[in-house]
Amino acid sequence: MWSFSKIDTENLKAITDLESKLGITLIAFSDDGIEYADLNEDATKEVKDLEKKLGLSLVAIKA
């Protein structure tokens, strides 16, 4: 299960500083016991291509 992270002031400053530096917005979220999949270069490219096609972000996890 995903949830938005509870961020203390120090960590929030680090995030906002990086956002300002890079000119982007970051979204912080936390997981509860989710194990990320270890993808090879080809699989990573396929996921990125699908993200671009669908206009959304995907996170690969172990089934």
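Per-structure values
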read-out: Estimated distance in nm for a label pair at residue 38 and residue 22, the labels positioned 7 Å out from Cα along Cα-to-Cβ; value: 2.5 nm
read-out: Sorted by Cβ density within 10 Å, fewest first, the residues 44, 9; value: 9, 44
read-out: Where trypsin sites (Lys or Arg not before Pro) in DSSP loops with at most 11 other Cβ within 10 Å are excluded, longest remaining stretch of the chain; value: 7-61
read-out: Tilt relative to the chain, helix 41-54 - C-alpha long axis, 0 to 90 degrees, to 10; value: 70 degrees
read-out: At R0 = 35 Å, FRET efficiency that the Cβ-Cβ distance of residue 45 and residue 9 yields, to 0.05; value: 0.35
read-out: Extreme residue, positive dipole direction of the chain, given options 55, 43, 11 (C-beta unit charges); value: 55
read-out: MRE, 222 nm, helices only [DSSP H, n ≥ 4, -39500 (n - 2.57), over the chain, to nearest 500]; value: -14500 deg cm²/dmol
read-out: Structure-derived percent of Cα pairs over 16 Å apart: which label, when the choices are (i) 55; (ii) 63; (iii) 45; value: (ii)
read-out: Using alpha-carbon coordinates, inclination of helix 9-22 to the longest axis of the chain, degrees; value: 60 degrees
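Laboratory data are not the source of any read-out in this text; all were calculated from the coordinates shown. Remember, it's a predicted structure, so these values are computed and weren't measured experimentally. In this analysis, Cβ positions are derived from the backbone assuming ideal geometry, glycine residues included, and neighbour counts consider all displayed protein chains.
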